[in-house]
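Before any comments, here is the structure.
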2 protein chains.
Amino acid sequence: MLNIKSEQIHELEKQYRISLINSLIGFRSLNLLGTTSNDGISNLCIISSAFHLGANPPLIGLVIRPEREHNDTLRNIKSTGQYTLNNVLPEWYMQAHQTSASYPSGVSEFDTCGFHKQYVKDFKAPFVGESNIRIGLELREIIDIEINGTTIVIGEIMHILTDDDLIAADGTVDHGKSKTMTVAGLDTYYLPQPVGQLAYAKPGVAPHLSSLQH
Amino acid sequence: MLNIKSEQIHELEKQYRISLINSLIGFRSLNLLGTTSNDGISNLCIISSAFHLGANPPLIGLVIRPEREHNDTLRNIKSTGQYTLNNVLPEWYMQAHQTSASYPSGVSEFDTCGFHKQYVKDFKAPFVGESNIRIGLELREIIDIEINGTTIVIGEIMHILTDDDLIAADGTVDHGKSKTMTVAGLDTYYLPQPVGQLAYAKPGVAPHLSSLQH
């Protein structure tokens, strides 16, 4: 067994270290983050840092890196207070990955990478027409992380755009049926296959499959 | 197309809303979180809230809910300053799910759910012997989220315990080969299949597979 220690991590070649550290925690939530500027210029970038923060109120967190290419996104979120998260599907995951390229500020990745903007009434941020699970969020809190200059953005879910048959009877989104993809590390894309839905765990009761299997 | 709006989300039946909101962002990083008290009582719980915060320094964030069953974990992290994240494998994912049951404080889920504790020199928190990708972390920052009473815990990676052949030439952990599982929502477990590793995206260059395929 290998034990890579702190001192050794710091000495790793930069790109190797970035790939290693980014992939350590396993599969990550994969979404296209849609925003617009106050001038109406849309922006789209792929992110794998969204995390569930709570169901009541319904909150999602995400991490924005300090690098230049993401500044449009953070500026748009701060100035309009709205943004969208949209799942990534196998038919066009390569175009979704392409949104991570450093396009000049003012160039819309919707156009460059071939996505359709979709809007709902009284909500400024564009959704991705090609996705089948889309979330509209309103900014609630921005936390600056001093230790590395990243920003945690917390938003409340205002809209859920999806198809009726992608939500199971118990409320769980069926990401298997939706064909939602996931990513490990920076660039390795995966399509998950369902193994089992388990019943609520209780002390003294052996773990078992849920009766809600879908 | 369905548009579930904010007002409707608030009116959903509680358990349905929890399942829906928890599953919205897609697949999540799945890990067993290992800690120990200062008295040497170990604790293990399954979490799906870990997120990558940055590679230099190597930081991981996670969300701890305010509910009672997780207090041992947060108390242990605060008092010892150390904790571990360990990936979940198909052979024993049901036992991993069972660690989410509300065992009384002082009962070790390592023993109750059938996991072996593994230690490294000068590091107090126990790793999971059954995992094949294990991360040892030291607490760097605790952020209390006022909006819903959750806690974001930020830690720096001090140890990476894995097998040499699970890290690809470019540094990316091969979670396909490792058989790392993922979860959507609270209880639906999946095993991802690799689709493709893509090259670093550049403006004006069509997206394509990486030459580093593994």
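The values are calculated or read from the model by the stated rules, or taken from the named source; none is laboratory data. Nothing here was measured: the structure is a model prediction, and the numbers come from that model. Backbone-built Cβ (ideal geometry, glycine too); neighbour counts: all protein chains shown. Heavy atoms of the whole protein, side chains included, go into the accessibility calculation; ligands, DNA and RNA do not. Shrake-Rupley method; radii C 1.70, N 1.55, O 1.52, S 1.80 Å.
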*Report yes if B:Y103 is of a type in the set (F, W, Y), within 20 Å of A:D187 (Cα to Cα) and touching a residue at least 12 places away in the same chain (Cβ under 8 Å), otherwise no.*
no
_Answer residue from region A:156-187, given it is within 7 Å of another protein chain (Cβ to nearest Cβ) and of a type in the set (S, T, Y) and is surrounded by the fewest Cβ atoms within 10 Å (Cβ to Cβ) among those_ = A:T162
*asked:* Considering only region B:109-117, I want to know if a residue exists there that is open to solvent by 10 Å² or more (accessible area, probe 1.4 Å), part of a strand (DSSP E or B) and under 24 Å from B:G54 (Cα atoms).
replied: no
_Selected residue (only one of B:G129, B:G114 is in contact with a strand residue (DSSP E or B) (Cβ under 6 Å, 6 or more places away or on another chain), within 30 Å of A:S210 (Cα to Cα) and free of Cβ contacts under 8 Å to residues at least 40 places away in the same chain)_ = B:G129
_Residue satisfying all of: in region A:124-170; in a strand (DSSP E or B) and small (G, A, S); nearest to B:V153 (Cα to Cα) among these_ = A:G155
*Would you check which residues across region B:78-104 are under 24 Å from B:I143 (Cα atoms) and open to solvent by 10 Å² or more (accessible area, probe 1.4 Å) and list them?*
B:K78, B:S79, B:T80, B:G81, B:Q82, B:S100
*Mind checking whether some residue in region A:85-96 is more than 23 Å from B:S23 (Cβ to Cβ), free of Cβ contacts under 8 Å to residues at least 60 places away in the same chain and within 9 Å of chain B (Cβ to nearest Cβ)?*
yes
*What are the residues in region A:1-35 that are open to solvent by less than 10 Å² (accessible area, probe 1.4 Å), out of contact with any Gly (no Cβ under 7 Å at 6 or more places or on another chain) and under 27 Å from B:S23 (Cα atoms), if any?*
A:I21, A:L24, A:I25, A:G26, A:F27, A:L32, A:L33, A:G34, A:T35
*Is it the case that A:S49 is closer than 17 Å to B:L30 by Cα and surrounded by fewer than 24 Cβ atoms within 10 Å (Cβ to Cβ)?*
yes
_Just the residues that are assigned to a loop (DSSP other than H, G, I, E, B) and free of Cβ contacts under 8 Å to residues at least 40 places away in the same chain, please, taken from region A:171-187._
A:G171
*Looking only at region A:78-91, which residues are of a type in the set (V, I, T) and part of a strand (DSSP E or B)?*
A:T84
*asked:* B:R134 - would you say it is open to solvent by less than 30 Å² (accessible area, probe 1.4 Å) and within 22 Å of B:N76 (Cα to Cα)?
replied: yes
*What are the pairs, 6+ residues apart or on separate chains, where a residue within region A:188-210 that is within 7 Å of another protein chain (Cβ to nearest Cβ) has its Cβ under 7 Å from a residue that is among the acidic types (D, E) and open to solvent by less than 40 Å² (accessible area, probe 1.4 Å)?*
A:Q197/B:D187; A:L198/B:D187; A:S210/B:D187
_Here's a check for you: in region B:137-155, which residue that is more than 8 Å from chain A (Cβ to nearest Cβ) and open to solvent by 50 Å² or more (accessible area, probe 1.4 Å) is nearest to A:I9 (Cα to Cα)?_
B:E138
_One residue is enough: does region A:31-43 have a residue meeting the conditions under 24 Å from A:L137 (Cβ atoms), out of contact with any Pro (no Cβ under 9 Å at 6 or more places or on another chain), of a type outside the set (F, W, Y) and at the interface with chain B (Cβ under 7 Å from one of its Cβ atoms)?_
yes
*Being without any contact (Cβ under 8 Å) to a residue 24 or more places away in the chain and touching a strand residue (DSSP E or B) at 6+ places or on another chain (Cβ under 7 Å) is the filter here, so list the residues in region A:117-126 that pass it.*
A:Y119
